[in-house]
Amino acid sequence: MDFKRKEGFRFIFDQPIEADYEIYINGQLASIETYHAKILDISPRGMKIFCGPEIGSSLKNSTLQIKVHFLLDVTHIHAIGDVVWSRPFGSAYQCGLCFYVQPDIDELITNELKLRRKKEVFARRVKS
């Protein structure tokens, strides 16, 4: 499989961001349970997450989607995307998500990342 990233940027976090997610298989909610993940990097169109072993049991011959709930700066974001790749990592998984076309989510992620980055730069200046 060829997964070329076509976004203009991908923001990699120094410390992963906490997130919650739900699993959808073939468009249907797989379980009422909410799982925890860590966002490793993000762009307006997708993200890489570190998640639990429940992903591995859901990958068999089906279309797997994840609805992710997270906070980058001040606004809670809810986005749904397809799992385009996954690989075992210890007892858990790393997964790549490609978000559905959601123009409002694209813009919200971009704006939240800008706000977050401004605060990080300001905090570093204050320390020095």
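Amide H of Ala30: which non-local residues (sequence gap of 5 or more, or other chain) have their own amide H closer than 5 Å, using H built in the peptide plane?
When sequence neighbours closer than 5 places are left aside, the close amide H contacts are Ile23, Tyr24, Ile25.
Looking at Phe11, Ile39, Ile109, which one has the Cα that reaches farthest to the positive end of the dipole of the chain (charges on Cβ: Lys, Arg +1; Asp, Glu -1)?
Phe11
What's the lysine pair count for the chain at a Cα cut-off below 16 Å, pairs eight or more apart or interchain?
7
When ranked by the protection proxy of mean other Cβ atoms within 10 Å per residue, highest first, what sequence do the peptides 18-24, 120-126 form?
So the order, starting with the most tightly packed, is 18-24, 120-126.
Using helices alone, I'd like the mean residue ellipticity at 222 nm for the chain: each DSSP H run of four-plus residues gives -39500 (n - 2.57), total over residue count, nearest 500.
-7500 deg cm²/dmol
Output ³J(HN,Hα) for region 66-77: one whole-Hz value per residue in order, computed from phi by the Karplus curve 6.51 cos²θ - 1.76 cosθ + 1.60 with θ = phi - 60°, and x for Gly and Pro.
10, 9, 9, 10, 7, 10, 8, 9, 10, 10, 6, 10
Report ³J(HN,Hα) in whole Hz for each residue of region 83-94, in order, from the Karplus equation J = 6.51 cos²θ - 1.76 cosθ + 1.60 where θ = phi - 60°; Gly and Pro get x.
7, 9, 7, 8, 8, x, 9, x, 8, 10, 9, 9
By how many degrees, 0 to 90 and rounded to 10, does the Cα axis of helix 103-127 deviate from the longest principal axis of the chain?
It is inclined by approximately 40 degrees.
When the Karplus curve 6.51 cos²θ - 1.76 cosθ + 1.60 is applied with θ = phi - 60°, which whole-Hz ³J(HN,Hα) does each residue of region 44-53 get, with x for Gly and Pro?
With coefficients 6.51, -1.76 and 1.60, one gets x, 10, x, 7, 10, 10, 10, 9, x, x Hz.
List the residues whose amide H sits under 5 Å from the amide H of Leu40, counting only those 5 or more places along or on another chain, with H placed 1.01 Å from N in the peptide plane.
Placed amide hydrogens put Lys48, Ile49, Phe50 under 5 Å from Leu40.
Throughout, read-outs are computed from the coordinates displayed, never taken from laboratory work. For clarity, every value in this text was computed on a predicted model and none was experimentally measured. Glycine gets a Cβ as well: all are built from the backbone with ideal geometry, and neighbour counts include every protein chain shown.
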